[in-house]
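Before any comments, here is the structure.
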Amino acid sequence: MSPRFGPAGAPIACKGDTSECVSYVAREGLDLFEVQFTRNVRMSHELAKKVRISSEKENVYLSCHAPYYINLSSEKPNIIRKSIDWLLKTAELANLMGAHEIVFHPGYYRKDGKAYDYVKDGILKVNNFIKEKKWTCWLAPETTGRRSQFGTLDEILDICRETGASPTIDFAHLHGRTNGGMRKKEDYRRVMDRVEDLLGPKAVKKLHIHFTSLYFEDGDEKHHCVLGEGLGPNFEPLAEVIVEMGLSPTIVSESPILDIDSLKMKAIYEGLAGK
């Protein structure tokens, strides 16, 4: 099976609702769509069911992104409770839509050094609820792009290994956080090998990936930019690794020109794969 490509949110030229955006990306030749609940978790159950129908008809894989303001490691207990609630609300809609990964930024480091423990506890609570409901979605904590945020590669992989969550590897965030560390094919291969070592071959085979270029400064992400601009990373070395390892990840574009750069990445991959 080949990788799937698609945008994080509505394509620039699509003015319809989420179900219409799913059909739009399919007409473009894409087969992935990440629904954005980054600002708020709002969608009627009726629309969620329409999105499911559209994705099944068009064979478009769905994931979703929970709110940016989630912080499972907050030093304020009410923020942790609200964060768990936002994840559960996102999971409910994801299940109705037939979406799979629930991508989210886990939180921030704490003064007491216990961010990992709090993030782990929050993920386990949400996972247990999802299992009790027998929903078909799962949590996918994301590598983060700022040094103040919990979410280095090893932190995300370790937390997934301990909780049964599934990682989202944002290569732009890794690139910025390591001050430009994702440049060569070998850099991407090391990440893939690390995923496989800690989580197994299935995890790396079906990895959920975010990709765009970006600007960064002193290990902190500043903003995303069009593929190939800014300070990197470049997609070609990652595509080479995907081809060589025979992987079939889901690759979400977070570029300012979402679907256009998805199509660019798909063309790069297909050129290397000889398709």
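Within region 136-157, residues that are farther than 20 Å from ALA91 by Cβ sit with their Cβ atoms under 8 Å from residues that are basic (Lys, Arg) and surrounded by fewer than 17 Cβ atoms within 10 Å (Cβ to Cβ), at 6+ positions apart or across chains, in these pairs: LEU153/ARG194; ASP154/ARG194; LEU157/ARG194.
Within region 229-245, residues that are surrounded by 18 or more Cβ atoms within 10 Å (Cβ to Cβ) and of a type in the set (Phe, Trp, Tyr) sit with their Cβ atoms under 8 Å from residues that are modelled with pLDDT of 95 or more and assigned to a helix (DSSP H, G or I), at 6+ positions apart or across chains, in these pairs: PHE235/LYS264; PHE235/MET265; PHE235/ILE268. Selection of strands (runs of 3 or more DSSP E) fully inside region 76-185 by the criterion of at least 2 residues being on the phi > 0 side of the Ramachandran plot, modelled with pLDDT of 95 or more and crowded, with 20+ Cβ neighbours inside 10 Å returns nothing. In this structure, does ARG190 turn out to be free of Cβ contacts under 8 Å to residues at least 40 places away in the same chain, in a helix (DSSP H, G or I) and basic (Lys, Arg)? For ARG190, the condition - free of Cβ contacts under 8 Å to residues at least 40 places away in the same chain, in a helix (DSSP H, G or I) and basic (Lys, Arg) - is met.
Would region 246-267 turn up any residue that is in contact with a Ser or Thr (Cβ under 9 Å, 6 or more places away or on another chain), of a type outside the set (Phe, Trp, Tyr), more than 21 Å from GLU34 (Cα to Cα) and at pLDDT 95 or above? No, that holds for no residue.
Beta carbons closer than 8 Å, at least 6 apart along the sequence or on distinct chains, pair a first residue in region 84-112 that is within 14 Å of THR38 (Cα to Cα) with a second that is hydroxyl-bearing (Ser, Thr, Tyr) and surrounded by fewer than 19 Cβ atoms within 10 Å (Cβ to Cβ) for TRP86/TYR69; HIS105/TYR68.
Looking at the structure I just gave you, is THR168 out of contact with any Gly (no Cβ under 8 Å at 6 or more places or on another chain), among the polar types (S, T, N, Q), more than 13 Å from THR152 (Cβ to Cβ) and free of Cβ contacts under 8 Å to residues at least 60 places away in the same chain? The answer is no for THR168.
Here ILE257 passes the criteria (1) closer than 28 Å to GLU28 by Cα; (2) buried (at least 21 other Cβ atoms within 10 Å of the Cβ) except the one numbered (2). Of all residues in region 204-218, those being touching a Gly at 6+ places or on another chain (Cβ under 7 Å) and surrounded by fewer than 17 Cβ atoms within 10 Å (Cβ to Cβ) number 1.
Looking at this structure, is LEU231 in a loop (DSSP other than H, G, I, E, B), closer than 14 Å to ARG4 by Cα and of a type outside the set (S, T, N, Q)?
Details: in a loop (DSSP other than H, G, I, E, B): yes; closer than 14 Å to ARG4 by Cα: no; of a type outside the set (S, T, N, Q): yes.
In short, no.
The values are calculated or read from the model by the stated rules, or taken from the named source; none is laboratory data. Source: prediction; values computed, not measured. Positions of Cβ are backbone-derived with ideal geometry, glycine not excepted, and every protein chain shown enters the neighbour counts.
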